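Scroll down for the structure; my scribbles are underneath it.
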Amino acid sequence: MNTRVSELLQITYPVVQGGLAYLAYANLAAAVSNAGGLGQITAMSLPSAEALREEIRKVRSLTDKPFGVNFAIGQHNRPYEELLDVAIEEGVKAFSVTGGNPEPLVRRLDGHDVKKLVLVASVRQAQKAEAIGADAVMAVGQEGGGHLGRDDIGTFVLIPRVVDSVKIPVLASGGIGDGRGILAALALGAEGVEMGTRFIATKECVHAHPAYQEAILQGTEQDTAVIKRTLGAPARVVRTSGSDHILQLEREGAGYEQLKSFISGENNRTFIYDGDDQNGFGWAGQVIGLIHDVPSVQELFTRMFSDLDETWGRIGKYVKPIV
């Protein structure tokens, strides 16, 4: 698929794997890149800059294809500069920024031969990303998993709005998990997609506990919830007893101090690593309603683009040329 996104990132298919905190490490990133997309490592989930260096080198031992490093700067109270310097030193060519103010990080990449992608959830954010030098934006609708925008704009409306508002390429994110979703994103004007939740339910997402994957497989589009809305940082999770407890605390008026232990990275890992759904939580988008198995990444790509071709053929039956 030849789009500006595939040309920009030098990949076969314009599919970017989301940053996936605590999950997006070498095995998954390399598998996505080998399948023709852009795999990513989650930098801010790693304990040190040297750990990131090791992870980058491990990816390179598993693939000779392009891959990226994601910096989820909005969800971590820690500096990222040393991690960023290591990624630059190691010759990483694609960087994505999610959460927080992307400008300082994007500016630090000025003068380096790299591609910069910024996750946005509104037209204003997309225009700012373009103004500070982003090469592409990933626009996430409210269906997505993890941290979202505050405006509750769905992917179907957000994508064409962003496409009409910037000149740089746009990737669609939120609610996309198969070939139909990719084709719909292209029809809306996007030139690629970012997918997160769908990649959790793959064989190469080796850090995801079977209970987490099973919650995604068994859940429907009704089985997610948005936590942290009262803190001004809405984020979508798969429903568990742990996430229900967070929602109950929010309904009772709990502030950050009362919530912080329940919404922490440690509590996130309690479920996604250990399978403790009574106390922990895990990010997931409404697309879980479309996920029913745990294929390899290569099998997933083969299926998605076969489905895309089939869907395109079906649509062609309804479209008649204008004379």
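The values are calculated or read from the model by the stated rules, or taken from the named source; none is laboratory data. Just so you know, these numbers come straight off a predicted model, no measurement behind them. All Cβ positions, even for glycine, are placed from backbone atoms using ideal geometry, and neighbour counts span all protein chains on display.
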Exercise. Looking at the stretch 51-62, is at least one residue crowded, with 22+ Cβ neighbours inside 10 Å and assigned to a loop (DSSP other than H, G, I, E, B)?
Worked result: no
Seminar exercise, completed: Taking first residues from the stretch 50-62 that are over 14 Å from Glu82 (Cβ atoms) and assigned by TED's automatic domain parsing to the domain that holds Ala24 and second residues anywhere that are part of a helix (DSSP H, G or I) and among the aliphatic types (A, V, I, L, M), the pairs with Cβ under 6 Å that are 6 or more apart or on different chains are Glu55/Ala26; Lys58/Ala26; Val59/Ala26; Val59/Ala29; Val59/Ala30; Leu62/Ala30
Exercise. Do we find that Leu28 is closer than 28 Å to Tyr212 by Cα, touching a residue at least 60 places away in the same chain (Cβ under 8 Å), in a helix (DSSP H, G or I) and not basic (Lys, Arg) in this structure?
Worked result: yes
Exercise. Which residue, of Gly196, Gly255, Gly149, Gly179, is in contact with a helix residue (DSSP H, G or I) (Cβ under 6 Å, 6 or more places away or on another chain) and either of a type outside the set (Val, Ile, Thr) or more than 30 Å from Ile315 (Cβ to Cβ) (or both)?
Worked result: Gly179
Exercise. Taking helices (runs of 4 or more DSSP H) that fall entirely within the stretch 139-243, which contain at least 2 residues that are among the small types (Gly, Ala, Ser)?
Worked result: 179-187, 210-218
Problem set entry | Filter result (hydrophobic (A, V, I, L, M, F, W, C), under 19 Å from Lys167 (Cβ atoms) and not in a helix (DSSP H, G or I)) within the stretch 98-120 | Leu117, Val118, Leu119, Val120
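May I ask you to list the residues in the stretch 156-181 that are farther than 24 Å from Gly289 by Cβ and either touching a Cys at 6+ places or on another chain (Cβ under 9 Å) or buried (at least 23 other Cβ atoms within 10 Å of the Cβ) (or both)?
Val162, Pro169, Val170
Can you find a residue in the stretch 109-116 that is assigned by TED's automatic domain parsing to the domain that holds Leu171, basic (Lys, Arg) and in contact with a strand residue (DSSP E or B) (Cβ under 6 Å, 6 or more places away or on another chain)? If you could, list the steps in order and put the result at the bottom.
The initial filter retains those residues of the stretch 109-116 that are assigned by TED's automatic domain parsing to the domain that holds Leu171, namely 109-116.
Retained after the next criterion (residues that are basic (Lys, Arg)): 115-116.
Now drop any that are not in contact with a strand residue (DSSP E or B) (Cβ under 6 Å, 6 or more places away or on another chain), which leaves 115-116.
Taking every residue of the stretch 109-116 in turn, at least one turns out to be assigned by TED's automatic domain parsing to the domain that holds Leu171, basic (Lys, Arg) and in contact with a strand residue (DSSP E or B) (Cβ under 6 Å, 6 or more places away or on another chain).
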